[in-house]
Amino acid sequence: MKHYVFSAKVTLFASRFVAVLIAFFLIFFPGMVESYHRDFRPLSNSERYALLGAFYLSAVAVELAMYHMDKLLRNILRGSLFTSENVHHIRMVRWCCFWVSIVCLFAFFGFPSMIFISTIMAFLALVVTVVGQVMKAAVELREESDLTI
């Protein structure tokens, strides 16, 4: 068994778990915000709207990213590592990270702590961009190698 198979299976399970968790939160997040407001710290209306807006706008991107992660990981488990399709999936994950970063940047004006999430997601998008570029270079090398043999 190749060394990446276990890691890919664990990551596939984790991405599916996150997708289900986000779907669960879509239903219960407003109640969780109200509970936080009641039990921990009073939130102004602008803070509530910033949290709810950022969550619901980001949830779409997160679900899309989990879909592309699922497709990418299934390709990897089939042994199809360096393909143009996988590069496409990585690019889609990158754009989803950028989207969440931008949404959280705007939510910063209503809930200042969102700047941390925005910064983390921007950094993650940059890391995924580098991985995507490495994958693209590997695909090009593989295609060139296939043509010369």
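Brief remarks on what is shown
- With each label modelled as a point 7 angstrom along the Cα→C-beta vector, the Y36-L147 pair spans 5.2 nm.
- Expressed as a whole percent, the proportion of Cα-Cα pairs in the stretch 60-149 lying more than 15 Å apart is 63%.
- Summing Cβ point charges (Lys, Arg +1; Asp, Glu -1) relative to the Cα centre of the stretch 6-127 gives a dipole of roughly 320 debye.
- Using C-alpha pairs below 8 Å separated by at least 6 residues, the relative contact order for the chain is 25 percent.
- Pairwise FRET efficiency - W95 versus A122, Cβ, R0 = 22 Å, nearest 0.05: 0.95
- Checking every one of the chymotrypsin sites (Phe, Trp or Tyr not before Pro) in the stretch 81-149 against DSSP loop status and a limit of 11 other Cβ atoms within 10 Å picks out F109.
- Efficiency of FRET between T11 and S113 - r from beta-carbon atoms, R0 30 angstrom, step 0.05: 0.60
- Gyration tensor (alpha-carbon) shape descriptor, the stretch 100-149, a/c threshold 1.5: prolate
- Shape of the stretch 1-132, Cα gyration tensor, a/c cut at 1.5: prolate
- Globularity ratio of the stretch 29-72, using Cα Rg and 2.2 N^0.38 Å: 1.50
Each reported figure results from applying straightforward, stated rules to the coordinates on display, with no laboratory input. Since the model is a prediction, treat every value here as computed from it, not as a measurement. When we count neighbours, we look across all protein chains shown, and the Cβ atoms used for this are built from the backbone with ideal geometry, even at glycine.
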